[in-house]
Amino acid sequence: MSVGIVGYGSYIPRRRIKLEEIAKVWGADAPSFKRGLQLHEKSVPGKDEDTITMAVEAGRRALIRSGGIDPATIGAMYIGSESHPYAVKPSGTVVAEALGITPQAHVGDLEFACKAGTESMYLAHSLVKAGEVRYAFGIGADTSQGAPGNALEYSTAAGAAAFIFGSDPERMLAEVVETYSWTTDTPDFWRRSYMHYPRHGSRYTGEPAYFRHVMNSAKGILEKAGLKPEDLAFAVFHQPNGKFPLRVGKRLGFTMEQMEPGWLSPWLGNTYSGASPIGTTAVFDVARPGDLVLLTSFGSGAGSDSFIFRMTDRITEVQNLAPLTRMQLDNNKIYIDYGTYAKLRGKIRMGE
Amino acid sequence: MESPARSWREYPQRYRLEAAKCTKCGKVLYPPRVVCPACHGREFETVTLPRDGHVVAPTVVRVPPTGFEEETPLPIAVVELSNGVRLMVQVADMADPMELKIGDPVHLEFRKIQQDGEAGLLFYGHKAVRD
């Protein structure tokens, strides 16, 4: 039985803050940050946008592209995020209720730094493949936070991507060709209970964490599938900044033409659990039937999930049924200053 | 602030925009009622509201109720959906709320409406966003 994606959707908030605006407040040299991280601006959630609301909107768009799946037939839904609005109470129940999936569904929240989104996809795919459910939702969404003045503040952003997995040949728009995961205990980034902001191992987050896991995961899935980089039309990597995904892709043997369509971080920032899944939606928006697509995520801690998809003839029929990811990234932007950003992100202590 | 129980009872309307359609005269009621105000019918079927419409009457609240201080000025509008149903909603994502005009096309998006302090429940529903 062939299992794949039958619907997909993304959601990117409208607000943006430019890197210069953040650098100005902390006395940092904006040009060197822009050069070093290859970041220009990032998305900022409004006071009324969070992991739950973005997941609902991305999920609705996935349902539209599914060609009329009855939400009640979706048997499982998982949301990966490191910014679930509640410490205890699932995001998934609100999202499932809003999408009309409840009550006969298995719903769960996942957390694994930046790779919780692909974790949810992995589980959704596996349940459909096992024949346990007919359809399953895998969602990645985050409103990530960086401490004021920390390097993370230049990249932490907000967004969501949702994928519905199924096995109906007539609905399938991307068949899952192969999956692969590569995981070790590597403490490059963490946030303890009750802490507002995460801590990280600075440059240690590069070689032993991001590059080692992404390289091994991508190499592993290519070997498992018997494919070479030149066989793929597109490759999407986790994008904590603009620089890392291009560097890892180049090391693996991918070209800029293969990576550019899914490389959003210079203008979106790092949407954590949403990052490589949103990049994948941008690739799906432009992919053609028969194209092979590599998705390799990375989550600090650390692990890396990989998928290879083969696009079907149906992909071109559904691309324009819902807002395209690049259109959301490039249009209707609202630029804000650092004061507004600080207010929206809860960085200002209010009076009693 | 709403109680958890009251909020929970309203999830079908707040989360999924479920309305009641009178089986006798066809009038769509949102929120649902026990008796149809048009024909006094008492039987309804559940229908889901469309999420596209236009602004009928905009206004901007500058002295907000408790809990909305950080969202001031707060744009609010009566929106007529494409099936003719009207509802009053907050309008999100306005860089300048005074730009909201009668006739502006909008769609409804799922948003957080309010929260019960730092430790209480979060309440979700729909807001209008200008197209």
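Here are some notes:
- Strands (runs of 3 or more DSSP E) wholly inside the stretch A:1-111 that include at least 1 residues being touching a residue at least 60 places away in the same chain (Cβ under 8 Å), within 14 Å of chain B (Cβ to nearest Cβ) and not aliphatic (A, V, I, L, M): A:4-11, A:15-18, A:41-44
- Listed conditions (1) assigned to a helix (DSSP H, G or I); (2) within 14 Å of chain A (Cβ to nearest Cβ) are all met by B:Pro50, apart from (1).
- Residues in the stretch B:2-31 that are open to solvent by less than 60 Å² (accessible area, probe 1.4 Å), of a type outside the set (Ser, Thr, Tyr) and under 13 Å from the mean Cα position of the chain (by Cα): B:Glu10, B:Pro12, B:Gln13, B:Arg16, B:Leu17, B:Glu18, B:Ala19, B:Leu29.
- In the stretch A:237-352, counting only helices (runs of 4 or more DSSP H) that sit wholly within it, the ones holding 1 or more residues that are open to solvent by 40 Å² or more (accessible area, probe 1.4 Å) and at pLDDT 95 or above span A:243-252, A:256-259, A:265-268, A:315-318, A:325-330, A:338-344.
- Condition met for A:Lys228 (closer than 16 Å to A:Ser297 by Cα, open to solvent by 10 Å² or more (accessible area, probe 1.4 Å) and at pLDDT 95 or above): no
- Options A:Asp48, A:Asp70, A:Asp29: the member that is open to solvent by 40 Å² or more (accessible area, probe 1.4 Å), assigned by TED's automatic domain parsing to the domain that holds A:Ile334 and closer than 21 Å to B:Leu17 by Cα: A:Asp70
- Sole exception among (1) surrounded by 15 or more Cβ atoms within 10 Å (Cβ to Cβ); (2) closer than 23 Å to A:Arg60 by Cα; (3) out of contact with any Asp or Glu (no Cβ under 6 Å at 6 or more places or on another chain); (4) small (Gly, Ala, Ser) for B:Gly53, by number: (3)
- Condition check for A:Ala161: within 16 Å of the chain's Cα centre (by Cα), assigned to a strand (DSSP E or B) and within 14 Å of chain B (Cβ to nearest Cβ): no
- Residues in the stretch B:17-31 include at least one that is aromatic (Phe, Trp, Tyr), at pLDDT 95 or above and within 24 Å of B:Leu122 (Cα to Cα).
- Matching entry among A:Asp185, A:Asp168 (being part of a strand (DSSP E or B) and of a type in the set (D, E, K, R)): A:Asp185
- Test set (1) away from chain B (no Cβ under 13 Å); (2) closer than 16 Å to A:Ala161 by Cβ; (3) without any contact (Cβ under 8 Å) to a residue 40 or more places away in the chain - A:Val318 fails condition number: (3)
- Failed condition for A:Gly262, given (1) assigned by TED's automatic domain parsing to the domain that holds A:Ala235; (2) touching a residue at least 40 places away in the same chain (Cβ under 8 Å): (2)
- Restricting the stretch A:77-116 to residues that are open to solvent by 30 Å² or more (accessible area, probe 1.4 Å) and polar (S, T, N, Q), the residue that is nearest to A:Ser276 (Cα to Cα): A:Thr93
- Lone unmet requirement of (1) touching a residue at least 12 places away in the same chain (Cβ under 8 Å); (2) under 29 Å from B:Glu118 (Cα atoms); (3) acidic (Asp, Glu) for B:Glu70: (1)
The values are calculated or read from the model by the stated rules, or taken from the named source; none is laboratory data. Only a predicted model underlies this, so the values are computations on that prediction, with no experimental measurement involved. Every residue, glycine as well, gets a Cβ built from its backbone with ideal geometry; the counts of neighbours run over all protein chains shown. Accessible surface areas use protein heavy atoms only, side chains included; no ligands, DNA or RNA. Shrake-Rupley method; radii C 1.70, N 1.55, O 1.52, S 1.80 Å.
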